[in-house]
Amino acid sequence: MSWMHGIGPRNFGPCIRVLAIDGGGTRGIIPALILQEIEKRTGQPIYRSFDLIAGTSTGAILALGLTRPSDADAREPAYTAADIVRFYEEHGAEIFPHWPPAVRALRRIFRPAYDVDTLEQIYATFFSDVRLQEALTNLLIPVYDIEDGRRVWFTALGTHSQVLMRELVRGATAAPTYLPPARIYTHARNPAKSAVAAVDGALFANNPAQTAFEAAQTLRAGNDKSVLLLSLGTGATRRPAKFEEAWGWGVLGWMDPLLEIAYSDPSIDHALRLVMEPKHTYVRLQPDLGSPAIALDDSAPATLARMREATRRYMSANAQELEYLLTMMALPRSPQCGPKVGADYERPEGPRPSAGTAKR
């Protein structure tokens, strides 16, 4: 297997360590479960293991949630990966309440399938007034700006530093036909000055690993630019369509298949293997969910249980690959790596200061 490259006596591991998390709605519980196991095995929070965390759509919930500082200690995370798993289990049905299939389909034709009041309350509770600059490691979160027709990658630097995490995650998860767009205000003191009319970044980067790899080259100041990239999928699920059926599809018939196609791009994985190996270390973990396909908004307890079991089986079957990843993560960095490059925000000791202006 190509991922086995480099096993053997080594003094140092890769210099730059990157985590990339796919989008996938409620299927975000799958990477959350994998990260829970990694936290358990390493004995430390996820943010300490990576120089950069990139997350698309539901991956943004994990990226932001795992780097949100605690109110009691600004240098420690508020949530563990196990907390994020519970987030999906406890709030999935609130965010995506069950509708009969016919009602759900009709709502999506004329308006977004789900209301946002409960969702925004959940995000407000989860992220409070924390701003992007407070994230415990570098972040990369994609959204699509529908007013300017552009792709936007949010980081904790420059004009993005004052963005509220709760607003960013709301926009980053605004999947068309499921949820309405969101405004992300990029200036705290003058909200009218600049805002992004955001929808789900999965429309162009459901798998953010390639952009994360490109961004990684700037994250260490030394000469050694070797990268460890862990890419987490949200479960391979198939929605096959027969030619005879698709022939007669209109808007209603194509809604779900189009989003599945947009949110699935296995060529990213293939391209990264060609670019990264053997110089860099690349691990892609993607459980196979089989059939029937799991919709982005399926929050039924039986579905969550199915995803839990599929993830457990996958990690058991790929125990050697996971062990290799953990071994590489445990190796120290070479002096040639140089210091970590990041935001100039000075994180205080003790409780995090309230932003005070976060009332939007």
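The values are calculated or read from the model by the stated rules, or taken from the named source; none is laboratory data. All figures in this text were calculated on a predicted structure; none of them were measured in a lab. Virtual Cβ from ideal backbone geometry, glycine too; neighbours counted across all protein chains shown. What goes into the accessible areas is simple: the full protein's heavy atoms, side chains included, and nothing from ligands, DNA or RNA. Shrake-Rupley method; radii C 1.70, N 1.55, O 1.52, S 1.80 Å.
Condition first: outside any helix (DSSP H, G or I) and not polar (S, T, N, Q). Now tell me which residues in region 32-49 satisfy that.
Matches in region 32-49: G43, P45.
Quick check on my filter: what residues within region 108-165 are modelled with pLDDT under 95, in contact with a His (Cβ under 8 Å, 6 or more places away or on another chain) and outside any helix (DSSP H, G or I)?
Once the filter is applied, which keeps residues that are modelled with pLDDT under 95, in contact with a His (Cβ under 8 Å, 6 or more places away or on another chain) and outside any helix (DSSP H, G or I), region 108-165 yields only Q162.
Kindly indicate whether any position in region 287-294 is open to solvent by 80 Å² or more (accessible area, probe 1.4 Å), at pLDDT 85 or above, in contact with a Gly (Cβ under 9 Å, 6 or more places away or on another chain) and over 28 Å from A215 (Cα atoms).
Yes: region 287-294 contains one or more residues that are open to solvent by 80 Å² or more (accessible area, probe 1.4 Å), at pLDDT 85 or above, in contact with a Gly (Cβ under 9 Å, 6 or more places away or on another chain) and over 28 Å from A215 (Cα atoms).
Sort out which residues of region 50-76 are out of contact with any Lys or Arg (no Cβ under 9 Å at 6 or more places or on another chain) and in a loop (DSSP other than H, G, I, E, B), and write them in order of number.
Of everything in region 50-76, those that are out of contact with any Lys or Arg (no Cβ under 9 Å at 6 or more places or on another chain) and in a loop (DSSP other than H, G, I, E, B) turn out to be T56, S57, R68, E76.
Which condition breaks for R306 when tested against (1) over 30 Å from F127 (Cβ atoms); (2) modelled with pLDDT of 95 or more; (3) in contact with a strand residue (DSSP E or B) (Cβ under 9 Å, 6 or more places away or on another chain)?
It fails just one condition, (1).
When you check V251 against the structure, is it over 26 Å from the mean Cα position of the chain (by Cα) and either of a type in the set (V, I, T) or at positive phi (or both), yes or no?
When the stated conditions are applied, V251 passes them.
Does region 26-85 hold any residues that are open to solvent by 20 Å² or more (accessible area, probe 1.4 Å), among the basic types (K, R) and under 15 Å from the mean Cα position of the chain (by Cα), and which are they?
None; the set is empty.
With the condition kept exactly as written, say whether any residue in region 97-105 is over 27 Å from N207 (Cβ atoms) and either open to solvent by less than 40 Å² (accessible area, probe 1.4 Å) or modelled with pLDDT of 85 or more (or both).
The answer is yes; a qualifying residue exists.
Quick test of your reading of the structure: R170 fulfils all but one of (1) open to solvent by 40 Å² or more (accessible area, probe 1.4 Å); (2) not in a loop (DSSP other than H, G, I, E, B). Name the failing condition by number.
Of (1) open to solvent by 40 Å² or more (accessible area, probe 1.4 Å); (2) not in a loop (DSSP other than H, G, I, E, B), only one is false for R170: (1).
Cβ-Cβ under 8 Å, sequence separation 6+ or interchain: first residue in region 56-81 and over 19 Å from G43 (Cβ atoms), partner basic (K, R) and buried (at least 24 other Cβ atoms within 10 Å of the Cβ). Which pairs?
From residues that are over 19 Å from G43 (Cβ atoms), the pairs are T58/R27.
Quick check on this structure: which one of Y79, Y47 is touching a Lys or Arg at 6+ places or on another chain (Cβ under 8 Å) and modelled with pLDDT of 95 or more?
Only one candidate passes the filter, namely Y79.
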